[in-house]
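So the structure is just underneath, and the comments pick up after that.
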């Protein structure tokens, strides 16, 4: 994930859509994870666990048919606690 970009920037470049469309998709996926407060935060400003959550939101926002995630919960203790 490019540390100089926001979630919307990444979605826009991955999905080959306008920034406006990407911003809406990004916001929708961030809301699903209760992370909309990070919508305009540069990736370089995010902690490791938060960056991974935003990466998952980015992947789902791209609306790809298949998404491969390599150890998406590594470093994300909150998601692993019961």
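The values are calculated or read from the model by the stated rules, or taken from the named source; none is laboratory data. A quick note: this is a predicted structure, and the numbers were derived from the prediction, not measured. So basically every Cβ, Gly included, is an ideal-geometry build from the backbone, and we count neighbours across all protein chains shown.
The residue of the stretch 44-66 that is nearest to residue 5 (Cα to Cα), among those that are modelled with pLDDT of 80 or more and loosely packed, with under 13 Cβ neighbours inside 10 Å, is 44.
If you take the residues of the stretch 20-43 that are surrounded by fewer than 16 Cβ atoms within 10 Å (Cβ to Cβ) and under 11 Å from residue 6 (Cα atoms), which of them is modelled with the lowest pLDDT? So the residue we want is 40.
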